[in-house]
Amino acid sequence: RARLTIRTRLALVYGGLFLVAGILMLTVTYGLVAQQLPGSPRGGLITKALPLSTSTPQPTATPLPTPEPLILGGGVQGEIRTRHDALVALLTQGGIALAVVGSSAVAFGWLIAGRLLQPLQRMTETARRIAKAPAAHSGLHERIALNGPDDEIKELADTFDAMIERLDTSFDGQRRFVANASHELRTPLTINRALLEVAVHRKSASPEIIQLGETLLEINARHERLIDGLLLLTRSDNAVTERSFVDLADIVEHVASQLAEGRVKVQVEADEAPTTGDPVLLERVVQNLVENGLRHNVADAGWVRITTGTRDGSAEVVVTNTGPVIPRYEVPNLFEPFHRFGADRIAGGSPGAGLGLSIVQAVVNAHGGDVAAEPRDGGGLVVTVSLPAAPSVE
């Protein structure tokens, strides 16, 4: 449906009010002029009659004719015609002048409205750039910085700038906290792993100590993966500035070759899918998707299918796996950090940290792409990653 902009509505309102005032003024002028023209009730007739004698008439006198009104301009019909022509000319010329001036008023209102709404357009463009930034926070450095009179529009622009500045400060503080906390936690985890390995591999260690040490090493390794995931998630939030040519088919084949044989079968259909970006981060995307498909699968006759290709100007990676039935309303929650669906149905080992799909989404967004997931008929998930395609290199 067509929508009138504020600028158009202001111009139409301004021109409409001008036309209404012009029509009212033309009507009043018409009435005043009509009253002053000859032949109107207030204009009167100019008549001239010969006086009648009141004396005794003489027998030889000839009877005088009946006095008739003497009208300037050729009689009563000429007066009526002159009055009609004057009023018609007034309406015609006045209407033409009103139409011309009214059109000019609409055009002038259009220009004035555009001038007055220019700060709002600037605010809209800034908000649009922030919303379309590849990463969630990468556009928060934008400011309107409106210069002009201290009116309501400038107050709105300053309030918007203050809000964006607070959001930028909040995001920066959050990223610094996650990065610093992750680095601080890495050191004690590394020390714990070293001490546990020494204790487990001692010759005098009893079977109970060895079993306990292996359990603690597994827990420690999970915590290390969690810390690495947090650091990678923090890094992925930043937009990718240095890009190189990458073929997603090569990445998929490399990741598939590193997988150990297991109960879940991995199928690869790698067609050429060229794009540009950070090869390390893109490899992590494919690795997380494959590990997620292996981990959340069925115990028997499970499979993971990885396909790559290009479609509609995008390079795509599609990872499909068998697994538990996932309700459609649960799919958006899978990309939330630390969210694990069906932890009791994991077939590929210990549960992950719940950051796999969150990292995938952050990396893909930083590369200007998109990631979508939908439940597979019969159970499992279909995850599609789309990235801007690059010309293939022969």
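What do you reckon, is Val325 touching a residue at least 40 places away in the same chain (Cβ under 8 Å), open to solvent by 60 Å² or more (accessible area, probe 1.4 Å) and among the hydrophobic types (A, V, I, L, M, F, W, C)?
Judged against the criteria, Val325 is a match.
Spot the failing condition for Arg305; the list is (1) open to solvent by less than 40 Å² (accessible area, probe 1.4 Å); (2) within 14 Å of Val252 (Cβ to Cβ), and only one is missed.
(1)
Take the residues of segment 120-167 that are in contact with a Gly (Cβ under 7 Å, 6 or more places away or on another chain) and free of Cβ contacts under 8 Å to residues at least 60 places away in the same chain: which is most open to solvent (accessible area, probe 1.4 Å)?
Applying the filter and picking the extreme gives Arg129.
Of the conditions (1) modelled with pLDDT of 55 or more; (2) surrounded by 10 or more Cβ atoms within 10 Å (Cβ to Cβ), Pro41 satisfies every one except a single condition; which number is it?
(2)
In segment 262-286, what residues are of a type outside the set (Gly, Ala, Ser), open to solvent by 20 Å² or more (accessible area, probe 1.4 Å) and over 25 Å from Asp228 (Cα atoms)?
Result: Arg263, Val264, Lys265, Val266, Gln267, Val268, Glu269, Asp271, Glu272.
Exactly one condition in (1) of a type in the set (A, V, I, L, M, F, W, C); (2) open to solvent by less than 50 Å² (accessible area, probe 1.4 Å); (3) within 30 Å of Ala362 (Cα to Cα) is not met by Leu196; state its number.
Only one criterion is unmet by Leu196, namely (3).
Within segment 239-254, take every residue that is modelled with pLDDT under 90 and touching a Ser or Thr at 6+ places or on another chain (Cβ under 8 Å) and give me the one that is surrounded by the fewest Cβ atoms within 10 Å (Cβ to Cβ).
Ser244
Would you check if Arg305 is modelled with pLDDT under 90 and not in a loop (DSSP other than H, G, I, E, B)?
Judged against the criteria, Arg305 is not a match.
Would you confirm, using the coordinates I've provided, whether Glu155 is more than 30 Å from Leu355 (Cα to Cα), modelled with pLDDT of 85 or more and in a helix (DSSP H, G or I)?
Taking the combined requirement at face value, the residue satisfies it.
Could you tell me which of the residues Leu387, Leu357 is at pLDDT 85 or above, outside any strand (DSSP E or B) and open to solvent by less than 20 Å² (accessible area, probe 1.4 Å)?
It is Leu357.
The values are calculated or read from the model by the stated rules, or taken from the named source; none is laboratory data. Model, not experiment: these values are computed from the prediction. Cβ sites come from the backbone with ideal geometry, for glycine too, and all protein chains shown count toward neighbours. Just so you know, the surface numbers come from the protein's heavy atoms only, side chains and all, with ligands and any DNA or RNA stripped out. Shrake-Rupley method; radii C 1.70, N 1.55, O 1.52, S 1.80 Å.
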